[in-house]
Amino acid sequence: MEIGQKVQVRRLRDKAPANVISRLGKIGTIKEFKMVDGSGVGVVVQFEDNFTTWFFEDEIKPV
C-alpha cells in the first residue's frame, strides 16, 4: 500500500464509534502511515467528506 492509494474498509478488529463503523465498505485515500502499539503499522485514511481516521492494514484492501 502507498500514500495516495484508494482503499476500501473491509472490517474492524475492535469496537469503534458509530462514525467509524459507518465507513465499513466505503472507499478512502491513504494519507499517511503511523506506528500503533509498538508492533504494528496503522494506515491513516481520508474519505470524501474529509473525515480521517486510521485502520490496521488487515482492515482495509486496495481498490
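Readers should treat all values here as calculations from the given coordinates under stated rules, not as data from a laboratory. Small disclaimer: the values here were computed from a predicted structure and weren't measured. Note that we place each Cβ from the backbone using ideal geometry, even for glycine, and neighbour counts take in every protein chain shown.
Structure data summary
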| read-out | value |
| --- | --- |
| Cα-projected label distance for residue 13 with residue 51, points at 7 Å along beta-carbon direction, nm | 2.1 |
| Lysines with Cα under 19 Å of residue 31, excluding same-chain neighbours fewer than 8 positions away | 6, 61 |
| Cβ charges +1 (Lys, Arg) and -1 (Asp, Glu), total dipole of the range 6-62, debye | 180 |
| 5 angstrom amide H check on residue 5, placed H, neighbours 5+ away | 30 |
| Over the chain, relative contact order from alpha-carbon pairs under 8 Å, at least 6 apart, % | 37 |
| Calculated from backbone phi, Karplus (6.51, -1.76, 1.60) coupling profile of the range 48-57 in Hz, x at Gly/Pro | 4, 8, 6, 5, 10, 8, 10, 9, 6, 4 |
| By average C-beta atoms within 10 angstrom, highest first, the peptides 56-63, 42-49 | 42-49, 56-63 |
| Residue-wise HN-Hα coupling along the range 17-34, computed from phi with Karplus coefficients 6.51, -1.76, 1.60 (Hz; x: Gly, Pro) | x, 4, 5, 8, 4, 5, 8, 4, x, 7, 10, x, 10, 5, 9, 5, 10, 9 |
| Nonlocal amide H pairs with residue 45, under 5 Å, H built at 1.01 Å | 31, 53, 54, 55 |
